[in-house]
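The values are calculated or read from the model by the stated rules, or taken from the named source; none is laboratory data. Keep in mind the model is a prediction, meaning the values are calculated, not measured. Ideal geometry is used to build each Cβ from the backbone, glycine not excepted, and the neighbour counts take in all protein chains shown. In case anyone asks, the SASA skips ligands and DNA or RNA and just uses the protein heavy atoms, side chains included. Shrake-Rupley method; radii C 1.70, N 1.55, O 1.52, S 1.80 Å.
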Amino acid sequence: FNMEMETEIIREEEVKHVLAQIAEDENNGLFLQFQPILDLRSNSICGFEALARIKSDKLGLIQPLEFIPIAEKTKLIIPLGIKIIFQAFHFLNKLKKNGHDAISISINISAIQLLRNDFIKNIIEMINEMHINPNNIILEITESTFATNYYEINKILAELKALGIEIAIDDFGTGYSSLARERELNINCLKIDKYFIDKLVWLKDDEAITGDIISMAHKLGHYVIAEGVEHERQRQYLMKYGCDKIQGYLINR
């Protein structure tokens, strides 16, 4: 035991308390920020990724890297996830009201949410109640999600795709990539992890493998989004190698 350990335990308990309050209360500190996704061919905004944030009177701004693992461990990710989807759908309706009915919204989903028996039922009910076009919804899952229960999750993704919802693999290339299974996955999109995009700043074009990842994804029938694009040099490389879409600070923070 040491003081640092005690501080971590107390902090985690405080975050748990905030999450529990959010799960029970509609007027809470949960809010979404929306990062634009740029279509490189048309040079126009084609979608937004919904990024969950929590602001607490006591703890201030709590980042997802801290609260998401705690929410998953406590299963509070389930009520939290419903609230995130609701806010994201509300933003979609706001876009539609302003004439942007072709723009999509990307929402991060955990394995715990996906494997709930009522997940698809709940999302269908929300789509119907809020008059959302399923074609405007992209659900993002990480590669590690498939490590939980590959066949069951892939089956669920097939049902979601049948509704018109698109599926994206987030942080591709840094998790549990299996090229043997990639073609079997019921997905539409691969999102290349920022790790590979950062290297484009200093690597020569023929040294980077990002272009090969893009080519592979296209051969598998997926479109590609590059995450964490911050410099024009990265954008030029991605355009040269046929990347479909980008997001990151170069477009907007």
Here the tail fraction of P(r) beyond 16 Å, over all Cα-Cα pairs of the range 151-253, rounds in percent to 57
Could you go through the range 204-221 in sequence order and give the Karplus-derived ³J(HN,Hα) for each residue, using 6.51 cos²θ - 1.76 cosθ + 1.60 with θ = phi - 60°, rounded to whole Hz, and x for Gly and Pro?
6, 3, 7, 9, 7, 9, 4, x, 5, 5, 4, 4, 4, 4, 5, 5, 7, x
Relative contact order (%) - the chain, alpha-carbon pairs under 8 angstrom, separation at least six
16
Between the modelled labels at residue 96 and residue 206 (7 Å from Cα along Cα→Cβ) the distance in nm is 5.1
Enumerate lysine pairs in the range 117-232 that are 8 or more residues apart or on different chains, then count those whose Cα atoms are under 23 Å apart.
11
Quick check on the range 135-205: take the gyration tensor over C-alpha atoms, sort the square-rooted eigenvalues as a ≥ b ≥ c, and tell me if it's rounded (a/c under 1.5), prolate or oblate.
prolate
In whole angstrom, the spacing between the Cα centers of the range 96-136 and the range 138-155 equals 17
Phi angles of the range 123-136, converted by Karplus (6.51 cos²θ - 1.76 cosθ + 1.60, θ = phi - 60°) into ³J(HN,Hα) in whole Hz with x for Gly and Pro, give 5, 5, 4, 5, 4, 5, 5, 9, 6, 9, 7, x, 5, 8
Computed FRET value (nearest 0.05) for residue 65 with residue 163, which takes r as the C-beta separation and R₀ as 41 Å:
0.85
Cα→Cβ-extended label distance, 7 Å offset, between residue 73 and residue 7, nm
1.7
Where only alpha carbons of the chain are counted, the Rg and the Dmax (Å):
18.8, 58
Is the range 32-89 best put as rounded, prolate or oblate by its Cα gyration tensor, with a ≥ b ≥ c the root eigenvalues, rounded for a/c under 1.5, and otherwise prolate when a/b is larger than b/c, oblate when not?
prolate
Rounded to the nearest whole Å², what accessible area per residue is found for the chain with the 1.4 Å probe?
53
Student exercise, the range 101-253 dipole from Lys, Arg, Asp, Glu Cβ charges, in Debye to nearest 20:
180
Projected label distance in nm at residue 154 and residue 14, using a 7 Å step from Cα toward the beta-carbon:
4.5
For the range 6-102, what number of Lys pairs, 8 or more residues apart or on separate chains, have alpha-carbon atoms under 17 Å from each other?
8
Counting only DSSP beta bridges with both residues in the chain, what percent are antiparallel, rounded to the nearest 5?
40
For the range 96-141, the Cα convex hull volume per residue in Å³ comes to 67
Residues meeting the amide H criterion for residue 30 (H placed from the backbone, H to H distance under 5 Å, 5 or more places apart or on another chain) are 55
Is it possible to state the helix-based mean residue ellipticity at 222 nm for the chain, with each DSSP H run of 4+ residues giving -39500 (n - 2.57), the sum divided by total residues, to the nearest 500 deg cm²/dmol? What is it?
-13500 deg cm²/dmol
Using a 1.4 Å probe on the protein chains only, how many percent of the accessible area of the chain belongs to carbon and sulfur?
52
